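The values are calculated or read from the model by the stated rules, or taken from the named source; none is laboratory data. Just so you know, these numbers come straight off a predicted model, no measurement behind them. So basically every Cβ, Gly included, is an ideal-geometry build from the backbone, and we count neighbours across all protein chains shown. Accessible surface is based on the protein model in full, side chains and every heavy atom, while ligands, DNA and RNA are left aside. Shrake-Rupley method; radii C 1.70, N 1.55, O 1.52, S 1.80 Å.
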Amino acid sequence: QVQLVESGGGFVQAGGSLRLSCAASRSILNVNQMGWFRQAPGKQRDMVAIMPRGMTNIVYAASVKGRLTISRDTAENTVYLQMNSLKPEDTGVYYCHAIYDRSYWGQGTQVTVSS
């Protein structure tokens, strides 16, 4: 069993920045994939950024490319999502996701961007 705990969400004005953190209860050195997804009110959960093992071929949603950056700290077993130039359409619940032996989800953290 793996626990993923997100933090760092909050309320920010358009153009502002936030950094989300996802702390994993298991080492992320050998994780198959980690990523961030978000779910806006009344919409499905969509991929924001995916980081495969080895950190090659990181994938970003077109709507966030150039503004959001996924990174990791293997010593802390933590994955980050740096979010800059935030827009109101970035509002939603952000979920951390990891694939080890199976898929795991965090509980989510709310991000609200006002115009």
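Here are some notes:
- Criterion violated by VAL5 - all others in (1) within 28 Å of SER114 (Cα to Cα); (2) of a type in the set (A, V, I, L, M, F, W, C); (3) open to solvent by less than 60 Å² (accessible area, probe 1.4 Å) satisfied: (3)
- Those residues of segment 40-51 which are open to solvent by less than 60 Å² (accessible area, probe 1.4 Å) and under 13 Å from the mean Cα position of the chain (by Cα), in sequence order: MET47, VAL48, ALA49, ILE50, MET51
Here is a yes/no grid of residues against (1) of a type in the set (Gly, Ala, Ser); (2) touching a Cys at 6+ places or on another chain (Cβ under 7 Å); (3) modelled with pLDDT of 95 or more:
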| residue | (1), (2), (3) |
| --- | --- |
| GLN44 | no, no, yes |
| PRO52 | no, no, no |
| LEU68 | no, no, yes |
| THR78 | no, yes, yes |
| TYR104 | no, no, yes |
| GLN110 | no, no, yes |
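- Some residue of segment 93-101 being open to solvent by 30 Å² or more (accessible area, probe 1.4 Å) and either in contact with a Leu (Cβ under 6 Å, 6 or more places away or on another chain) or without any contact (Cβ under 8 Å) to a residue 40 or more places away in the chain (or both): yes
- Given (1) open to solvent by 80 Å² or more (accessible area, probe 1.4 Å); (2) in contact with a Ser or Thr (Cβ under 8 Å, 6 or more places away or on another chain); (3) more than 21 Å from GLN107 (Cα to Cα), index of the condition PHE11 fails: (3)
- Matching residues, segment 17-53, being more than 25 Å from ALA75 (Cα to Cα) and assigned to a strand (DSSP E or B): ARG38, GLN39, ARG45, ASP46, MET47
- Selection within segment 89-108 - among the polar types (S, T, N, Q) and either farther than 22 Å from PRO52 by Cα or not in a strand (DSSP E or B) (or both): THR91, GLN107
- Cβ separations smaller than 6 Å between residues 6+ apart or across chains give no pair from segment 56-73 residues that are within 17 Å of LEU20 (Cα to Cα) to residues that are at pLDDT below 95 and open to solvent by 70 Å² or more (accessible area, probe 1.4 Å).
- Count of residues meeting criterion [in a strand (DSSP E or B) and either buried (at least 16 other Cβ atoms within 10 Å of the Cβ) or not small (Gly, Ala, Ser) (or both)] in segment 54-83: 13
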